[in-house]
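> Mind having a look at this structure? Questions to follow.
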Amino acid sequence: MPIRIAPTLAEMATYPFVRLEEARRRLVAAGVEVIDFGRGDPNEPTDPMIRQALVDGLPERAPYPMAAGLPELREAAARWCAARFGVELDPETELVPTYGSKEAIFSLAQVLIDPSSDKRAVVYGEPAYPVYERGALFAGAEPRTLPLLRENGFLPDLGLLGDDVAIVWVNYPHNPTGAVALLSFYEELAALAERHDFVVASDEAYTELWFDEPPASALQVADRSRVIVFQTLSKRSSMTGYRSGFVAAPPEVISALKAYRPTVGTAPQEFVQRASVVAWNDERHVEETRARYRAKRDVLMPVLAAKGWEIVASEATMYLWLAVPAADAVVDRLLERGILVAPGSFFGPSGDGYIRFALVPTLDECTRAAAILAEL
Ligand SMILES: Cc1ncc(COP(=O)(O)O)c(C=O)c1O
């Protein structure tokens, strides 16, 4: 008899990017040079100063890291929030380090929601990063989507939120569309959170990858008593493999996280935390990272526009979001030429008719891809 698997897992569709990875492997095996714009994993080098801090932080024996994290990391994160967003956070009570941000995003519903109550809707806009839904499902909560449409600037219709809502996820700058939200949007959402008694969970993985204006944070609202922000070094500092981020939230949420997290064991290793202090303390490497993404955009955008593929939103993040007729057929045609992109439908039904380029290949590869695209 087969071993039983939890139904939530067994019923889950394959993580869409696993399918992309399979396509990539098939092409490589067939000898095709693949330029991979599929997955949002930066190929940028991590700054040598950060790598050195990791090496210097490696002790003879590394004990279990504590869930609360090193005080110097929480202080560095608080200083960064003050410098970047002008908000003062208490590093003792309003911050906790996380293992990247994905695990913390995934587990928020488990930490906050009573699955037996009527108040268990977890709302998020789609197209979306898939983890808000999966976290809700594993917590026995009820995932509920709001379509993010081009005519609304890829912002959700906040009029649809009611009293059965426990968590509202927002993610600006947005993956996959690259849309940004203004502070007024967060203010409106925070006011509704008070009225309907829900929390605003703001996934801010991409706030540092901008091109014109630094985007706002939900932390900047006048009353942040219901606001939980997820930050990460993954994209800002090209540190996906290090797994380092933090949650900034009201003290009662941080205490709940400190109670929950030791059970799961998701505190980053202390040598990673020491490298993270260096990363949060420095902006030069982030400016260089932004410049690299800008150069890649500059190479690709004119070629894509010349093909009549309309680049929409895409104001920030490492993504270009293109409105393309017969998007799935275009994805297949690109694949034949070794250019791997993500179909918008990977991110939800409202992603239909779009494709996403993640600007992760090198500038040289982007230049080669632009030549292929030009003759396609
Ligand atoms: C929207 C969004 N949020 C969060 C994450 C999680 O990143 P990490 O766990 O590396 O911090 C990602 C990663 O791709 C993302 O796209």
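> Quick check on the exposure proxy: order Thr232, Thr266, Thr367 from fewest to most C-beta atoms within 10 angstrom. It would help to have the intermediate numbers written out before the result.
Working: Thr232 27, Thr266 20, Thr367 15.
Fewest to most other Cβ atoms nearby, the residues stand as Thr367, Thr266, Thr232.
> Hey, can you grab everything whose amide H is under 5 Å from the amide H of Ile35? Only 5+ residues off in sequence or another chain; H modelled, so Pro and N-termini drop out.
Residues meeting the criterion, in which the H sits 1.01 Å from N, are Ile339, Leu340.
> Apply 1/(1 + (r/R0)^6) to the Cβ-Cβ distance of Ala295 and Ala82, taking R0 = 30 Å, and write down the FRET efficiency to the nearest 0.05. Please report the intermediate quantities before stating the final value.
Details: r = 31 Å, r/R0 = 1.02.
Using R0 = 30 Å, I get an efficiency of 0.45.
> I would also like to ask the following. Using a 7 Å offset from Cα along Cα-Cβ at Glu310, what residues in region 345-376 end up with backbone N under 14 Å from the label point?
353-355
> For the chain, just list the percent of Cα-Cα distances falling in each 10 Å bin from zero outward, please.
Per 10 Å bin, starting at 0, the Cα pair percentages come out as 5, 23, 32, 26, 12, 1.
> At a Cα cut-off below 25 Å, give the lysines reachable from Lys102, other chains included and same-chain residues fewer than 8 away excluded.
Of all the lysines, those that pass the test against Lys102 - Cα under 25 Å, at least 8 places apart if same chain - are Lys119, Lys235, Lys258.
> Lys307: which lysines have alpha carbons under 25 Å from its alpha carbon, excluding same-chain residues fewer than 8 sequence positions away?
Result set, ordered by chain and number: Lys296.
> Go through 237-246, 291-300 and give me the packing order, highest mean Cβ count within 10 Å leading. It would help to have the intermediate numbers written out before the result.
Details: 237-246: 23.4, 291-300: 17.0.
Going by the mean number of other Cβ atoms within 10 Å, highest first, we get 237-246, 291-300.
> In whole Hz, with x marking every Gly and Pro, tabulate ³J(HN,Hα) for region 73-78 from phi via Karplus 6.51 cos²θ - 1.76 cosθ + 1.60, θ = phi - 60°.
6, 5, 5, 5, 5, 5
> Now, a different point. Working out 0.36 nm times the residue gap between Phe17 and Phe138, then minus their Cα-Cα distance, what length gain in nm do you get to one decimal? Display every interim value, and only then the final one.
Values: separation 121, 0.36 × 121 = 43.56 nm, distance 1.99 nm.
My answer for the length gained is 41.6 nm.
> Also, quick follow-up: Using the count of nearby Cβ atoms within 10 Å as a rough guide to exposure, how do His285, His174, His196 rank from fewest to most?
Numbers: His285 20, His174 29, His196 16.
Ordered from fewest to most neighbouring Cβ atoms within 10 Å, His285, His174, His196 come out as His196, His285, His174.
> Still on this model: Out of residues 5 or more away from Tyr172 or on other chains, whose amide H comes under 5 Å of its own, with H placed 1.01 Å from N in the peptide plane?
Amide H neighbours of Tyr172, under 5 Å, 5+ apart: Asp203.
> Moving on. Can you pull the Kirkwood radius for region 10-82, inverse mean 1/r over Cα pairs, to one decimal in Å?
Details: mean 1/r = 0.0583 Å⁻¹.
Answer for region 10-82: a Kirkwood hydrodynamic radius of 17.1 Å.
> Given a Förster distance of 30 Å, report the FRET efficiency between Val55 and Glu375 from their Cβ-Cβ distance, rounded to the nearest 0.05. Please list the in-between numbers first.
Working: r = 45 Å, r/R0 = 1.51.
Once rounded, the FRET efficiency stands at 0.10.
> What order do you get for Cys366, Cys81 when you list them from fewest to most C-beta neighbours inside 10 Å? Each step should come with its number before you reach the end.
Values: Cys366 21, Cys81 24.
The fewest-first ordering by Cβ neighbours comes to Cys366, Cys81.
> Report the Cα centroid-to-centroid distance between region 16-55 and region 187-241 in angstrom, as an integer.
Using only Cα atoms to place each centre, the spacing works out to 27 Å.
> May I ask you to evaluate 6.51 cos²θ - 1.76 cosθ + 1.60, the Karplus curve with θ = phi - 60°, for each residue of region 4-18 and list the ³J(HN,Hα) values in order in whole Hz, giving x for glycine and proline?
6, 10, 3, x, 4, 6, 4, 7, 6, 5, 4, 3, x, 6, 5
> Then there's this: Throw me the Rg/Rh for region 62-280, computed over C-alpha atoms with Kirkwood Rh, two decimals.
Reported Rg/Rh (Cα atoms, Kirkwood Rh): 0.94.
> Ignoring GluC sites (Glu not before Pro) that are buried or in helix or strand per DSSP, and keeping those with at most 12 other beta carbon atoms within 10 Å, what is the longest stretch of the chain between them? Could you put the intermediate results ahead of the total?
Numbers: sites that count: Glu11, Glu33, Glu60, Glu88.
For GluC sites (Glu not before Pro) (loop position, at most 12 other Cβ atoms within 10 Å), the longest site-free span of the chain is 89-376.
> Counting helices only, and only those DSSP H runs with n ≥ 4, report the 222 nm mean residue ellipticity of the chain as the sum of -39,500 (n - 2.57) divided by its residues, in deg cm²/dmol to the nearest 500.
Working: 13 runs with 150 residues, N = 376.
Value at 222 nm, helices only, nearest 500: -12000 deg cm²/dmol.
No value in this document is a laboratory result; all are computed from the given coordinates. This one's a predicted model, so the numbers in the text were calculated from it and none came from an experiment. All Cβ positions, glycine included, derive from the backbone under ideal geometry; neighbour counts span all protein chains shown.
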